[in-house]
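In what follows, a structure is listed as structure tokens, so that the remarks can point back to it.
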Amino acid sequence: MRIPRSHPRYVSLKTRESLVAANREGVVVLEGLIAHGRGEAWDYLLGEETSAPALVAEKAAAAFLLAAKNPVISVNGNVAALATRQVARLAAAIPAKVEVNLFHRTDARVRQITRLLQNAGVKDVLGPRPNARIPGLASQRARTHRAGTYSADVVLVPLEDGDRAEALTKMGKVVISVDLNPLSRTTQAAAVPIVDELTRALTEVERFVRDLKRDRPEAARVRREYDRARNLAAVFGFLRWRLAGLVTTTKKPRPRQTKR
Ligand code: PTJ
């Protein structure tokens, strides 16, 4: 479908079309389209911009990724469809390994997403032939690579499901999530939850990685002072402020009283 550039929701419609196309190609599952709709609803409420609390979490994420011995970025179907370029840039900047991890796992999808990541410039993609399992996880998401997520100390998990975020946390890893839903189990389980849209979040984390690489004392300060609970409270405070603003801007004038 051709979407006119002048359409007020051009970017949103283009993103939706690219996800639909990725679904037809087998990269994104139908459940991924539902997940996107949920994310977009939250993004509406949050104002479709990176909030100040999200920026704080993004800077903390960069600081933790930089200090990691074996950082890994996990990629699923939606992430592959929306952000392979951002994943490639971030992985190169840290540097970090990239691992394909799917909830609706098939070998064909893993191969397809691996190819997309390679085409975007990711050198070493951990895709087919997983050789380890994340303990305590019944789903296909348990299948992993010993050299990747299994032995990682810091894992970036965009658009994750709560079970794996919890299982990775139980393994002692620093889990960094990207999820627009501040109430999701993933957000609740992550050590550094980023409540922001995927492409914006990855771009900001990459920018902070590049900045903090040149300022290691600042990176150490950020890691020391990051306060997860305070940051999530600020996210909810921001949401409350947004909603209060919406109430006043959408208030209609009261209908005039007519004398009978
Ligand atoms: O490709 P697969 O098989 O691994 O499946 C991927 C999906 C996304 C279907 C799977 O991980 C899944 O079911 O995820 P959930 O449990 O629906 O969670 C996805 C979360 O991501 C939801 O809380 C959404 O609000 C959020 N979300 C969706 N799109 C975005 C987003 N957050 C940030 N940016 C987005 N673009």
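The values are calculated or read from the model by the stated rules, or taken from the named source; none is laboratory data. The structure presented is a predicted model; accordingly, all values stated were derived computationally and were not measured. Here the Cβ positions follow ideal geometry from the backbone for every residue, glycine too, while neighbour counts run over all protein chains shown. Just the protein is used for accessible areas: all its heavy atoms, side chains included, with ligands, DNA and RNA removed. Shrake-Rupley method; radii C 1.70, N 1.55, O 1.52, S 1.80 Å.
For the reader, a short list of remarks on this structure follows.
- Scan of region 117-155 for residues that are basic (Lys, Arg) and over 19 Å from the mean Cα position of the chain (by Cα), ordered by number: 123, 129, 133, 143, 146
- Pairs where the first residue, in region 1-13, is within 21 Å of residue 24 (Cβ to Cβ) and the second is open to solvent by 70 Å² or more (accessible area, probe 1.4 Å) and among the charged types (D, E, K, R), C-beta under 8 Å, 6+ apart: 3/14
- Residue count for region 12-71 satisfying the condition of being out of contact with any helix residue (DSSP H, G or I) (no Cβ under 9 Å at 6 or more places or on another chain) and on the phi > 0 side of the Ramachandran plot: 0.
- Among the criteria (1) more than 10 Å from the ligand (Cβ to nearest atom); (2) touching a residue at least 12 places away in the same chain (Cβ under 8 Å); (3) of a type in the set (D, E, K, R), the one residue 24 does not fulfil is (2).
- Residues of region 74-98 that turn out to be within 14 Å of the ligand (Cβ to nearest atom) and either surrounded by 24 or more Cβ atoms within 10 Å (Cβ to Cβ) or within 19 Å of residue 25 (Cβ to Cβ) (or both), as a count: 12
- Residues in region 171-188 that are within 12 Å of the ligand (Cβ to nearest atom) and either buried (at least 19 other Cβ atoms within 10 Å of the Cβ) or not in a helix (DSSP H, G or I) (or both): 10 in all.
- Which numbered condition residue 117 misses (of (1) open to solvent by less than 30 Å² (accessible area, probe 1.4 Å); (2) touching an Asp or Glu at 6+ places or on another chain (Cβ under 9 Å); (3) aliphatic (A, V, I, L, M)): (2)
This table checks each residue for (1) open to solvent by 20 Å² or more (accessible area, probe 1.4 Å); (2) among the polar types (S, T, N, Q); (3) in contact with a strand residue (DSSP E or B) (Cβ under 6 Å, 6 or more places away or on another chain).
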| residue | (1), (2), (3) |
| --- | --- |
| 192 | no, no, yes |
| 202 | no, no, no |
| 205 | no, no, no |
| 208 | yes, no, no |
| 236 | yes, no, no |
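- Inspection of region 125-133 identifies no residue that is within 13 Å of the ligand (Cβ to nearest atom), in a loop (DSSP other than H, G, I, E, B) and surrounded by fewer than 18 Cβ atoms within 10 Å (Cβ to Cβ).
- Taking (1) among the hydrophobic types (A, V, I, L, M, F, W, C); (2) within 13 Å of the ligand (Cβ to nearest atom); (3) in a loop (DSSP other than H, G, I, E, B) in turn, residue 147 satisfies each apart from (2).
- Only one of the listed residues (135, 158) is under 13 Å from residue 101 (Cβ atoms), at pLDDT 95 or above and not charged (D, E, K, R). That residue is 158.
- The C-beta contact set for region 28-44 (first residue closer than 17 Å to residue 54 by Cβ and in a helix (DSSP H, G or I), second residue open to solvent by 40 Å² or more (accessible area, probe 1.4 Å) and within 7 Å of the ligand (Cβ to nearest atom), distance under 9 angstrom, 6+ apart or interchain) comprises 39/159.
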